[in-house]
Amino acid sequence: MGDRWTVEVDRGVCIGSGMCVNHAPGEFALDSARQSHPAAPETDVNEKVLAAAEGCPVEAITITLTGSGEVVFPPEE
Ligand code: SF4
């Protein structure tokens, strides 16, 4: 089985730009308060989800490897 990612959106940081939904349709959705959330808390490794995290203007999206918790995004300093 391949690696899985755990995807989280910090709702205190998200400004509801909707860019993540554009980058990864079906992987993120905006709620009625225009706050993004992942469609599922875990996903297979998915370049569109990574593009969404990279494209978020406020870096509200965090991706970690499910299980080990190793950070995939944002890259560590
Ligand atoms: S791209 Fe970032 S700020 Fe915009 S809706 Fe998605 S998580 Fe929120």
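Just one of the numbered conditions (1) at pLDDT below 95; (2) farther than 17 Å from Val71 by Cα is not true of Gly2; which one?
(2)
Please report, ordered by residue number, the strands (runs of 3 or more DSSP E) entirely within the stretch 1-49 with at least 1 residues that are within 19 Å of Val72 (Cα to Cα) and within 12 Å of the ligand (Cβ to nearest atom).
Result: 4-9, 28-30, 36-38.
Can you tell me which residues in the stretch 55-77 are away from the ligand (no atom under 15 Å from the Cβ), surrounded by 15 or more Cβ atoms within 10 Å (Cβ to Cβ) and not polar (S, T, N, Q)?
Once the filter is applied, which keeps residues that are away from the ligand (no atom under 15 Å from the Cβ), surrounded by 15 or more Cβ atoms within 10 Å (Cβ to Cβ) and not polar (S, T, N, Q), the stretch 55-77 yields only Val72.
Do we have Ala52 as in a strand (DSSP E or B) and within 10 Å of the ligand (Cβ to nearest atom) here?
Here the answer is no, as Ala52 does not meet what is asked.
The values are calculated or read from the model by the stated rules, or taken from the named source; none is laboratory data. None of the values given here were measured: they were computed from a predicted structure. With ideal geometry, Cβ positions are generated from the backbone for all residues, glycine too; neighbour counts draw on all protein chains shown.
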